[in-house]
1. In angstroms, what radius of gyration and Dmax does the range 522-629 have, counting Cα atoms only?
2. Pop the C-beta distance of Ala420 and Asp237 into the FRET formula with R0 = 56 Å and round what comes out to the nearest 0.05.
3. Can you give the local net charge around Glu346? Use residues other than it whose beta-carbon is closer than 15 angstrom to its beta-carbon, Lys and Arg +1, Asp and Glu -1.
4. Computed over the Cα atoms of the chain, what is the convex hull's projected area averaged over all directions, in nm²?
5. Counting pairs of alpha carbon atoms under 8 Å apart in space and at least six apart in sequence, what relative contact order in percent does the range 299-456 give?
6. State log₁₀ I(q)/I(0) for the range 348-459 at q = 0.23 Å⁻¹ as given by the Debye formula over alpha-carbon point scatterers of equal weight, solvent excluded.
7. So between Arg66 and Glu142, what do we pick up on full extension, going 0.36 nm a residue minus the alpha carbon distance?
8. Distance cut-off 25 Å, Cα to Cα: go down the list Lys313/Lys498; Lys163/Lys209; Lys498/Lys589 and report the pairs above it.
Amino acid sequence: MQTSFSSPLPLTQVHITDAFWKREMDLIRNTVLPYQWAALNDRVEGAVPSWWMHNMRAAARVVAARKAGKALPSRQQVPGMVSEGPSPDQADPDFFYGWVFQDSDGYKWIEAASCQLSVLPDEALRSQVQEAVDAIRAAQEEDGYLDTFYTITGIENAFTNLKDHHELYCFGHLAEAAVAWWQATGNDDLLQVTRRFAACIARRFGPGKERGCPGHEIAEMALFRLYEATGEQEWMDLAQFFLDVRGTDPSTFALEENVRRKRSGQPELPVTADRYEYYQAHLPVRQMKEATGHAVRQMYLCSGMADSARLRKDAALREACERLWHSAVAEKMYVTGGVGATHVGEAFSRPWDLPSDTAYSETCAAIGLVFFARRMLQMQAKGEYADVMERALYNTVLSGMALDGKSFFYVNPLEVDPAACEKDTRLSHVKPVRQKWFGCACCPPNIARLLSSLGAYLVTCREDTICFHLYIDSEIEASLANSPLRLRLSANLLKDGKVQLTILSGSGEGTLAFRIPEWSGAWHCSAPGKEAREEEGYLFLRGRWQEGDTVSLDFSMPVRALTGHPLIRETAHQVCFSRGPLVYCAEEKDNGPLLHLLRALPEAEARVEWQEIGGVDLPVLRMDALRQEVTDGALYRPLAAPRESGVTLRLIPYFAWANRGKGEMRVWLYR
Ligand code: FUB
Ligand code: ZN
């Protein structure tokens with residue numbers, strides 16, 4: 001087992017210049033962040049209110065009153081799990097509105113904004129973040145506790161429902177935001193808030209104290225991040241405590257539920273952990289084998305487990321990560337890199353159950369898969385991890401946001417018929433057009449924070465090795481065995497698979513490792529004078545590197561006709577097309593309605609052309625295909641060869657669907 005692990009570079013050292021990705025990042029900065037700031041302040045007309053600033057201000061009034069020994073403002077009588085509430089101008093200023101985890105939306109936004117600020121100063125954005133941070137500081141209780149839901153609806157209930165009430169989830173997002181804000185600006189105000197909340201949590205939970213763990217994971221990976229950023233051991237210990245308590249008997253979720261049940265005279269539950277599979281709390285983490293339950297939670301747990309395995313060199317935990325990885329990506333992942341097939345609980349289904357039309361495939365779950373993959377890559381440069389990371393990123397993550405950055409998908413289906421979505425309640429979770437905002441708005445700011453931190457996913461480094469995972473045009477400052485190097489990574493994967501690495505300045509002895517993408521056919525590398533070795537999907541080039549050295553890689557990028565594993569019922573006798581990292585789909589706009597009548601001819605030659613979609617030039621595919629004619633007659637009829645006519649099949653990148661109005665869409669086509 002590899003003993004030294006790699007780390008991503010700070011965002012300040014990866015300058016993304018890629019034609020496609022720079023546009024996405026600029027879009028986040030110029031459109032998405034201002035839009036989301038307006039949403040967090042309930043200023044987007046026609047959008048579901050966020051209540052973020054509202055709740056912070058309401059909580060701040062409670063905290064101020066408590067400190068001053070004054071009467072508390074009126075509170076919501078019954079704390080509801082969800083309350084979209086009235087329109088913001090008719091809201092009671094002292095009530096809590098929205099989901100219990102509403103605080104996290106603003107924390108994600110702060111993280112995204114901070115990542116942007118770390119690469120480009122922007123006074124207006126900085127002062128908005130400062131306004132958000134000040135609002136958070138004012139909402140923090142004197143003992144460090146911070147969660148507007150409980151501050152407003154009854155602080156006496158804090159930490160009594162870790163299973164469903166997300167305080168530790170909100171804490172995790174707060175910690176992620178605080179580290180990003182501090183790293184971007186040197187301002188530690190939010191970090192201080194986080195330390196105080198973390199200390200409040202650690203006073204209550206830990207070895208020899210109360211047992212407990214998050215119902216929705218993220219605190220684990222956030223605490224490891226806090227530890228890595230500050231070197232403060234107590235946060236690593238707290239993260240590890242949460243991981244170790246998880247799935248052990250007696251179940252802390254059952255125990256806390258029994259307290260509530262006892263109070264209301266209900267019979268108590270058995271306290272064994274095995275019933276908490278949905279929360280990934282059914283087994284001790286080192287024994288886990290299958291990705292189960294709520295998909296975002298599972299991915300965030302895996303990310304925390306991988307952090308722990310790396311930082312604490314825990315072999316058993318690493319093996320569990322590998323088993324969960326296999327289960328999630330080799331048996332339960334869509335071709336688009338989406339995970340979590342069923343809308344029932346936004347969850348993983350059984351292996352091979354990957355329906356296209358009822359798919360859930362939440363944007364956040366694909367983001368979680370990207371987090372998990374990067375962490376696995378830090379332990380081992382293995383092509384499969386980066387392939388999946390790229391698949392999720394270029395397809396489901398991107399699909400989560402419109403090309404103009406103004407609307408979002410939460411659910412990312414692989415087949416859509418708008419008429420069915422509107423009339424069939426089994427499809428009520430599937431939206432044929434992106435939404436401006438959501439009552440549960442977890443995905444939009446999550447996309448913003450991932451894309452704003454894209455630089456952390458391209459490269460990881462350890463002492464004498466720099467590994468290139470994603471080929472995204474950029475300038476990179478790294479070091480090889482302590483010698484600084486400035487590197488130019490030239491690539492344009494939307495166009496072709498040509499990649500070039502040039503040493504712009506510096507010199508050093510060591511290894512540069514390049515991923516050999518799973519999608520490439522034949523490939524060729526030119527790296528004069530370097531010793532080459534291929535292992536686990538990476539090409540390792542060792543030698544002395546100096547200014548002017550280049551590595552040229554040419555990955556052929558054929559259009560590939562893909563089929564699903566025979567055990568996936570949904571993809572039987574169907575084909576989908578991909579090229580490079582992109583999975584393609586057919587839209588009604590280009591192919592007419594009734595896409596199920598199209599018959600793809602997998603052997604037909606595919607032409608790559610460029611088409612403007614939503615203001616962006618994108619590579620599209622054209623190929624000959626057949627379309628069955630609709631003939632009148634009986635619902636069922638004697639089998640006969642269908643009447644078919646030749647058509648040109650027009651496919652666009654999956655992520656770009658639903659940018660030209662409402663219509664049918666299909667990834668998998670009959671063949
Ligand atoms: O529960 C918090 C977030 O809201 C989850 O991550 C999403 O799946 C959505 O349920
Ligand atoms: Zn989400």
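The values are calculated or read from the model by the stated rules, or taken from the named source; none is laboratory data. This one's a predicted model, so the numbers in the text were calculated from it and none came from an experiment. All Cβ positions, glycine included, derive from the backbone under ideal geometry; neighbour counts span all protein chains shown. Protein only, heavy atoms only, side chains kept; ligands, DNA and RNA dropped before computing areas. Shrake-Rupley method; radii C 1.70, N 1.55, O 1.52, S 1.80 Å.
1. 19.8, 64
2. About 0.65, to the nearest 0.05.
3. Once positives and negatives cancel, what remains is -2.
4. Computing the convex hull of the Cα atoms and averaging its projections yields 31.4 nm².
5. That works out to 21 percent.
6. With one equal scatterer per Cα and no solvent, log10 I(q)/I(0) is -1.30.
7. Between Arg66 and Glu142, full extension yields an extra 26.5 nm.
8. Beyond 25 Å between Cα atoms: Lys313/Lys498; Lys498/Lys589.
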